[in-house]
Amino acid sequence: MPAAADHLASVRQRMLDALIRRRISSWLLPLLPAAGLAAITLAGTFAAKLLTLTIPLALAGAAMLWAAIDFALWRKRVDAQLSSWLNDAVPELEDSSAMLAAAPDTPLGRLQHNRLIARVGQVLDDERLRSIAMQKARFNAIPLALAAVAAAAAWAYVAAHSPQYAPPAGTGAAAPAAIAAAGISLHAEPPPYTGVKPSEGAPRDLQIPQHSKVRWCAVNADAIIELGDGQNLRATAGRCAEWTASDSIFWRSRHNASQRYTIRVTPDQAPQVAIAAPNESVSVLKPDAQSAQLSVSVSDDYGVVKATLHMTLARGSGENIRFTDKEAPLPASSDPRKRSWNKQWMLKELGMEPGDELYFFVRASDNAPVPHVSQSPTYTLRLPGQQGEALESTALPSMVKPENLRSQRQIIIDTEQLVADSPRLGAAELRARSEKIAGDQAKLRLRYGQFLGEESSLFGDEEHGDGDGHEHGGAGTQGPGGFGTGNIAAQFGHAHDQEGNATIFDPATKEVLRRALRAMWDAEKLLRAIAPKPALPPEYKALGAIKELQQAERVYLHRTAFVPPAIKEEKRMSGEMTGAASYRRAQGTANEFVPADVRELVQALGGDGALPSLWTKAAREAVARIKDEEQRLSAQAAVQDVADGCQSCRVQLRAWLRATVQQPAVLLQARPQAQTRFGQALQGKGAP
């Protein structure tokens, strides 16, 4: 039967074509990083081309080699598993697709073989083969990620070692000529702890760390350096003027006033602390857990000097809680700017027992002269105790439910069972079971709602019954004519509707209660609408809020109490009043909305007349309050331009000054009241 074999071979080729179309993106996308690296290389200098041209070619060759190997593997897989794929995906072949590749020996086999040949052309169309290819072959992102990482690493290596990307040193054949033309040489000396090398050369823009020392050295004649904040530094011939960089600023030499240079200051950042594991602020371990994963990393822009893991173990319940503190230093790494610690702590090593909680945070400091200290948020590891202890240690002991009230977890189980049984149920039974679960949810919602003073419901069957202890307008509350006694609150209200009875919990606990009630209400509405499947998400949300309430028994707070200064024993009982002051503070006065000198300067800038005296001082003090670095430099440049006599620059400076005006803070003042003898007599405090 060669025709049958040829027919199966055509199916195999069509299947291979569908797989190729499915895998083509996985084969071509890894070539994109190599193409991008090649484009960047070709855009550089000739030296950079010679240095890095082989790298993108090697990446492209590796990607093509992987594509060829992957194609060979898929071709071999199609030859070996095509029959099983067809049997699984095409029921019309009756698990007999293997008969297409072999000639049957029996009459029954030949009959089945002929039936399959008649069906193959109809059931194995291109759409069916495409769906099989989508199920068997999926997109593989690992080669693309490896190619991107390799291209980035190659580019970083070239950028670090190529002379094209080396920072300008300011020295060379043209540097002496530029220094001689400007008459000034610029020197920058960063702080030693930063590890940044000093630089010197001709006047230019600088990017330096904070607290760096900048020196302007006069070469042949005296030089005056004008800074953007109004300072003037004088450097005599052969000597230097020094300035310590604190904020970004621009400067110019009076010899060449038309050229400005900018010094941008990079602030020393505080260490960055990151806790990767656990990834939640409160992590509840399994009751049978033996270990816990802690992954911590600390990084700084210049160097990490000290990083410690502070742990506090809490044991006990109620008022009998004991705390034990422990510190563990994070080990140093080869890179002084980073420290990381990934450890699988054994609970016995941490001293944790069932029912204990471990609070931990990381504190780190850098190598600055005045160290910057950073501290991570406090994370909690909770090891649950026995089931009996968990029920006794709930945050809301008054919420213990009676036996005839179903829990939220039981409601979820009932809803999931109803969703599973819904295809086999009739409309009446589905409605009855859904409304029954909705009634259980309503009862539970009303039970929790008592703690927030909530009693109302849209359904009459959920209100209080006759024997629930609440009387709604009985015979004893009616007055003459059957209209009641007039005490509306006693006739229609409830004692637990009062505000005082609804505030027995702290605001955080009440917010969690409201979240649980809202979720229960959403679930109840969906169950009433005979939609049990959409009701599951709000039911799970309500369960999560209830568990959050149960786990909120113990809260660890850092000590923030006020520690008074020590009393000087030598001044006690001496009668010395030096330094003593009344504890009564003087009445505060409202700050001026706009300073008078700034208001006068803004008005003067609106015309062409003379500006007030000492206006530059007021303008520089005003623009120094601008927080954005670029805007502050532009405003300082506008001040200097106006000082140089630029009339058109007055509009810009006026706009910058108006932008510095902010809304004043609200100041609450007491009303002064004179205490006279007549007023005291009027209040009954004495005779006039």
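The values are calculated or read from the model by the stated rules, or taken from the named source; none is laboratory data. Predicted model only: the values in this text are computed from it and were never measured. Virtual Cβ from ideal backbone geometry, glycine too; neighbours counted across all protein chains shown. Just the protein is used for accessible areas: all its heavy atoms, side chains included, with ligands, DNA and RNA removed. Shrake-Rupley method; radii C 1.70, N 1.55, O 1.52, S 1.80 Å.
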(request) For the range 169-256, state which trypsin sites (Lys or Arg not before Pro) are in a DSSP loop and have at most 16 other beta carbons lying within 10 Å of their beta carbon. (result) ARG204, ARG239, ARG254
(request) May I ask you to rank SER253, SER634, SER648 by accessible area, largest first, using a 1.4 Å probe over the protein chains only? (result) SER648, SER634, SER253
(request) Identify the trypsin sites (Lys or Arg not before Pro) of the range 255-357 meeting these criteria: DSSP loop state and at most 14 other C-beta atoms within 10 Å of the C-beta. (result) none
(request) Would you mind working out the accessible area per residue for the range 184-276, using a 1.4 Å probe, and quoting it in Å²? (result) 50 Å²
(request) Report the extension gain between GLN13 and GLN680 in nm, rounded to one decimal, defined as 0.36 nm multiplied by the number of residues separating them, less their alpha carbon distance. (result) 229.2 nm
(request) Extending each Cα 7 Å along its Cβ direction at SER574 and GLU200, get the distance between those two points in nm, one decimal. (result) 5.6 nm
(message) Please list, ordered by chain and number, the residues whose modelled amide H lies under 5 Å from the amide H of SER212; skip anything fewer than 5 residues away on the same chain.
(response) ALA245
(request) Could you pull out every residue, at least 5 positions away or on a different chain, whose amide H is within less than 5 Å of the one on VAL305? Hs are placed 1.01 Å off N in the peptide plane, and Pro or chain starts have none. (result) SER365, ASP366, ASN367
(request) Would you kindly derive the ³J(HN,Hα) couplings of the range 275-287 from the backbone phi angles with the Karplus curve 6.51 cos²θ - 1.76 cosθ + 1.60 (θ = phi - 60°), listing them in order in whole Hz, with x for Gly and Pro? (result) 10, 7, 9, x, 8, 10, 5, 10, 10, 9, 7, 6, x
(request) Can you tell me the FRET efficiency between GLN135 and GLN410 if r is taken as the Cβ-Cβ distance and R0 is 35 Å, rounded to the nearest 0.05? (result) 0.35
(message) At 1.4 Å probe size, with the rest of the protein present, what percent of the exposed accessible area of the range 236-301 is carbon and sulfur atoms?
(response) 45 percent
(request) Classify the range 179-334 as rounded, prolate or oblate, taking a ≥ b ≥ c as the square roots of the eigenvalues of its Cα gyration tensor: rounded when a/c is under 1.5, otherwise prolate if a/b is larger than b/c and oblate if not. (result) prolate
